Amino acid sequence: MLRLMIKWKNTNKEKDMIKHIVMWTLKDEHNGKNKTEIAEELKSHLLSLKSKISELKSIEVGFNAIHQDKNHDVAIVTEFESFDGLAIYAQHPEHLKVGEYLKGIATGRAAIDFTLE
């Protein structure tokens, strides 16, 4: 799996929002479900995190629209108030459950974390 994590730190952390973007490539089939069904189920799991993890300030989930043979299938764009908030999210039991689910359905992943000034 491809894993790309980049962090730009800034001296003015109180004002900067953290953007966390992750993309996955999904299996064509899993437990009798096709890729579209898998993506919809993943979206539901991901969006449910907003009401369960207070550090998660916003989340958007999108599906790839073109170049299915080259691009990742699903992406999330999330925002946090700090890298500490992102770290809490990363270790939260509900987030870890989604991570375990992803191990069964994803074949590739890429991510980036950066500050919004």
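Descriptive notes on the structure:
- Of residues in the stretch 72-89 being β-branched (Val, Ile, Thr) and touching a residue at least 40 places away in the same chain (Cβ under 8 Å), the one surrounded by the fewest Cβ atoms within 10 Å (Cβ to Cβ): Val77
- The lone exception for His45 - which of (1) in contact (Cβ under 8 Å) with a residue 24 or more places away in the chain; (2) over 17 Å from Lys97 (Cβ atoms) it fails: (2)
- In summary, helices (runs of 4 or more DSSP H) completely within the stretch 20-106 and bearing 1 or more residues that are under 29 Å from Glu117 (Cα atoms), of a type in the set (Phe, Trp, Tyr) and touching a strand residue (DSSP E or B) at 6+ places or on another chain (Cβ under 9 Å) occur at 83-91.
Read-outs throughout are calculated quantities, based only on the coordinates presented, and are distinct from any laboratory measurement. What you see is a predicted model, and the numbers here were worked out from it, not measured in a lab. Glycine also receives a Cβ, built like all others from the backbone with ideal geometry; neighbour counts cover every protein chain displayed.
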